[in-house]
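Below you'll find the structure, written out as structure tokens, and then a few comments.
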Amino acid sequence: MIGAVTAERSKQDRRLLRIPGTDGVIGWILCAPAAILLGLFMIVPLVAVSVLAFFGWDPLTQTDHAVGFANFSRILTSPDFRSAVLRTLEYTVLTVPVTLLLGLVIAVAVNNVRHGAMVWRTVFFLPVASTLAATSVAWRFMFYPHTGIIDQTIGRVLPVQGWLQSTDLAIVAVSIVGIWQALGTTIVIFLAGLSGVPRHLHDAAALDGATAWSRFWHVTWPALGPATVLALVIDTRDSLRVFDQVQVMTEGGPLGSTTTLSYLLWQRGIHYNDLGGGAVIDLVILLVVFAFIGIQLRTAGRRLNDGATR
Amino acid sequence: MTAAARVSQPSASMTPQADQVAAFECRSVSKRFPGGTLALDDVTLRGEPGQIVVLVGPSGCGKTTLLRCLAGLDSVTAGEIHLQGRDAAGVQPHLRGVAMVFQNYALYPNKTVAQNIAFPLRMSRVPRRERDARAREMAEILKIGHLLDRRPRQLSGGQKQRVGIGRALVRRPAIVAMDEPLSNLDAQLRVEMRAEIRALQQRLGMTVVYVTHDQTEALSLADQIVVMNGGAIEQAGSAEEAFNTPATPFVAGFLGAMNLVSATGEAIPLPRWLSADDRDVVATIGVRPEHLIAGRPPEGRWSVSGRVISSELLGTERLVAIRVGHNGEQSLRIRVPAELPLSSELYVWAQDEHLHAFDGDGKRLNGEGVR
């Protein structure tokens, strides 16, 4: 009965919204700004890259010409590419779990601070607000061999020195900066999630005799499902596309040990003027990001939908 | 009400006795929130074992705060709370023997009904087999035995609240605090659940502290009704007592919507039974709408007349409002039979014993000899 009334009502509303003789043109006009921007900045570049991947640039004749799948076979079989894939995965494995764990711990801590929570929130969000390329310069100085603050402090205690010159440590240094940068967003996502945890659930758990840890495990963590999945997807996406601090701090070195896919893309496409090759790498990055997010949503999506907050 | 007067002597009997240890006792409890709001103002209250104590009052009167202080979810600023004769200061919520049922159920959304009910037992490390059995038994009592594997989001409001009650009762608490447990349910279900809560309470012999803003619910459930206003107790006593002899105009107005008119001025007569002293201090006269009789009054009865300003059909009766008083600035509501023809001007009168009087401080005046 009520359903029928509402249906009738919405039919009336739709009639009221319709302007006679326009046949939905208004709708298209209203959608146009968003659609045009989406097309210009998402669809067109994607198509352009896809097309470029099938073209080669001949420096002698200064002309483009179609090369079929030559770019693909050349890039996908090159040792540089395989190494870059491994480096990118290594970077992702080094950064994402640490970022999520640290982000969660810090968010819970900030959430429980009685005074000055705003200050802490700002402090942890600052790296997000600043330009990574610029702050990477500062980080490069800090990691500077022998005279940098890190070698002067940690280097004196632990047998780790000259991070950026070491094929093992350079990727770790770049990861540390990546984590530092990504933490801000992650914390904000978790804080938003935490603010959605109903207080009465904590009250109920306290009365049921749950310890602080049990309260976290049985109440907070289930309610953070959507926030966790969101943070995971965003951090993974950013890690798979890492570029800024690599460019500024190591330029892909030493010996290619920090040459990630995005850096290789830049090197190929811009530095070596191999636009076709760069386009292939770009498509690969796109596919890898899609694949990762797809898997994550497939496996963790239940937590996203559960939204265990009610 | 001094502490020395009570000797610790647990009794199986449910009737309150002077020497019995109170289920709970608040002694001059005050609670001030960090913002400065005084939520509880010198509250002294005693609940006997096996009683349903109903805290009732308008929003923000402090009833929920008092409940949370009893449960240990909030701390008191001043005063003492004793539970089963022991000072509860600094005792963790789960060690107080107080369980709670929440208005919005507060069920763990990711746990099944069985897991929700068994959760307090799990937290106190009861072996799995035993807690499963007890959760099942509790669910059977609450008629939700067939829902054990469901999750909260698959349940109706009434079913959710049964789970909430089950979770509260499963560890056999001495006191169950219920914070407006039926407010989110529809009217018919509310009446049913009310009766069930009463039956359950008598079957298990527990003490219930029940918060509500619904006066019908309060009157029907209460062994002891506690009317609160502005953080303080206006009146505590049996439901009949609070309804029949309200201690303050607030209680009179809150329970049963008594008509309250200012006694100052010529137009409103005073009850005959008021003593000479009381006649000097009386400020407010109260009479319930159902106790007013329309028509010419018999000689010597308390009566007023006024112009009809509104009339509302309630079914077999009609709720009529009339303007009375010196300049007609006050109004009285009266219940008259629906078929009674209404004139624009109405005489109403009341029996002496149906009149209530209060002084300027809101204290009840009882007169002498009349009752």
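The values are calculated or read from the model by the stated rules, or taken from the named source; none is laboratory data. Small disclaimer: the values here were computed from a predicted structure and weren't measured. Cβ atoms come from the backbone with ideal geometry, glycine included; neighbour counts cover every protein chain shown.
Checking the condition modelled with pLDDT of 90 or more, out of contact with any Lys or Arg (no Cβ under 9 Å at 6 or more places or on another chain), more than 14 Å from every other protein chain (Cβ to nearest Cβ) and closer than 19 Å to residue A:123 by Cα, which residue from A:179, A:187, A:234 passes? Outline the logic, then answer.
Details: A:187 fails: out of contact with any Lys or Arg (no Cβ under 9 Å at 6 or more places or on another chain); A:234 fails: closer than 19 Å to residue A:123 by Cα.
Going through A:179, A:187, A:234 in turn, the sole match is A:179.
Taking the conditions exactly as written (within 11 Å of chain B (Cβ to nearest Cβ) and under 17 Å from residue B:123 (Cα atoms)), does residue A:205 satisfy them or not? Give the derivation first.
Numbers: within 11 Å of chain B (Cβ to nearest Cβ): yes; under 17 Å from residue B:123 (Cα atoms): yes.
Answer is yes for this residue.
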Requested in this report: Return yes or no: is residue B:39 buried (at least 19 other Cβ atoms within 10 Å of the Cβ) and within 19 Å of residue B:205 (Cα to Cα)?
Outcome: no
Query - Some residue of region B:229-237 being touching a helix residue (DSSP H, G or I) at 6+ places or on another chain (Cβ under 6 Å) and acidic (Asp, Glu) - result: yes
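Just checking, how many residues over region B:94-106 are assigned to a loop (DSSP other than H, G, I, E, B) and either over 22 Å from residue A:196 (Cα atoms) or more than 7 Å from chain A (Cβ to nearest Cβ) (or both)? Quick ask: steps written out before the conclusion?
To start, the set of residues in region B:94-106 that are assigned to a loop (DSSP other than H, G, I, E, B) comprises B:96-97, B:102-106.
Next cut, either over 22 Å from residue A:196 (Cα atoms) or more than 7 Å from chain A (Cβ to nearest Cβ) (or both) only: B:96-97, B:103, B:105.
Of the residues in that region, 4 qualify.
For (1) outside any helix (DSSP H, G or I); (2) in the same structural domain as residue A:251 (by TED's automatic domain parsing); (3) buried (at least 17 other Cβ atoms within 10 Å of the Cβ); (4) in contact with a helix residue (DSSP H, G or I) (Cβ under 7 Å, 6 or more places away or on another chain), each residue gets a yes or a no:
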| site | (1), (2), (3), (4) |
| --- | --- |
| A:134 | no, yes, no, no |
| A:153 | no, yes, no, no |
| A:175 | no, yes, yes, yes |
| A:184 | no, yes, yes, yes |
| A:194 | no, yes, yes, yes |
| A:209 | yes, yes, yes, yes |
| A:215 | no, yes, yes, yes |
Requested in this report: Tell me, yes or no, whether region A:69-84 has at least one residue that is within 21 Å of residue A:228 (Cα to Cα), out of contact with any helix residue (DSSP H, G or I) (no Cβ under 6 Å at 6 or more places or on another chain) and loosely packed, with under 14 Cβ neighbours inside 10 Å.
Outcome: no
Query - Residue under evaluation residue B:84, criteria (1) of a type outside the set (Asp, Glu); (2) under 30 Å from residue B:144 (Cα atoms); (3) more than 8 Å from chain A (Cβ to nearest Cβ); (4) touching a Gly at 6+ places or on another chain (Cβ under 7 Å), criterion not met - result: (2)
Query raised in the report: Scanning for something small (Gly, Ala, Ser), assigned to a helix (DSSP H, G or I), in contact with a helix residue (DSSP H, G or I) (Cβ under 6 Å, 6 or more places away or on another chain) and within 14 Å of chain B (Cβ to nearest Cβ), does region A:253-275 turn up at least one residue?
Result: no
Report summary line: Among the residues of region B:66-77, the number that are in a helix (DSSP H, G or I) and within 13 Å of chain A (Cβ to nearest Cβ) is 5
Query raised in the report: Which of the residues that make up region A:192-202 are within 28 Å of residue B:117 (Cβ to Cβ) and more than 8 Å from every other protein chain (Cβ to nearest Cβ)?
Result: A:193, A:194, A:196, A:197, A:199, A:202
Requested in this report: Please tell me if residue B:272 is over 30 Å from residue B:69 (Cβ atoms), of a type in the set (D, E, K, R) and modelled with pLDDT under 90.
Outcome: yes
**Report entry** Residue list for region B:204-234, restricted to those being surrounded by fewer than 20 Cβ atoms within 10 Å (Cβ to Cβ) and either without any contact (Cβ under 8 Å) to a residue 12 or more places away in the chain or among the small types (Gly, Ala, Ser) (or both)
**Finding:** B:205, B:216, B:220, B:230, B:232
Report task. Would you confirm whether any residue within region B:303-323 is in a strand (DSSP E or B), touching a Cys at 6+ places or on another chain (Cβ under 8 Å), at pLDDT 90 or above and of a type outside the set (Asp, Glu)? Result -> no
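Suppose the filter is within 11 Å of chain A (Cβ to nearest Cβ) and within 30 Å of residue B:27 (Cα to Cα); does residue B:109 pass it?
Details: within 11 Å of chain A (Cβ to nearest Cβ): yes; within 30 Å of residue B:27 (Cα to Cα): no.
In short, no.
Being out of contact with any Gly (no Cβ under 6 Å at 6 or more places or on another chain), closer than 30 Å to residue A:176 by Cα and aliphatic (A, V, I, L, M) narrows it down to one of A:46, A:100, A:40, A:60, so name that one.
Working: A:46 fails: closer than 30 Å to residue A:176 by Cα; A:40 fails: closer than 30 Å to residue A:176 by Cα; A:60 fails: closer than 30 Å to residue A:176 by Cα.
Of the residues listed, the single one that is out of contact with any Gly (no Cβ under 6 Å at 6 or more places or on another chain), closer than 30 Å to residue A:176 by Cα and aliphatic (A, V, I, L, M) is A:100.
Please specify each residue of region B:70-97 satisfying the condition of being loosely packed, with under 14 Cβ neighbours inside 10 Å and closer than 20 Å to residue A:205 by Cβ. Walk me through it before giving the result.
Narrowing region B:70-97 to residues loosely packed, with under 14 Cβ neighbours inside 10 Å: B:75, B:78, B:86-87, B:89-90, B:92, B:95.
Answer for region B:70-97, where residues must be loosely packed, with under 14 Cβ neighbours inside 10 Å and closer than 20 Å to residue A:205 by Cβ: B:75, B:90, B:92, B:95.
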Report summary line: residue A:249 meets each of (1) part of a helix (DSSP H, G or I); (2) under 18 Å from the mean Cα position of the chain (by Cα); (3) more than 14 Å from every other protein chain (Cβ to nearest Cβ); (4) surrounded by 19 or more Cβ atoms within 10 Å (Cβ to Cβ) with one exception, condition (2)
**Report entry** Residue, surrounded by the most Cβ atoms within 10 Å (Cβ to Cβ), within region B:112-142, restricted to residues that are under 15 Å from residue B:168 (Cβ atoms) and more than 13 Å from chain A (Cβ to nearest Cβ)
**Finding:** B:113
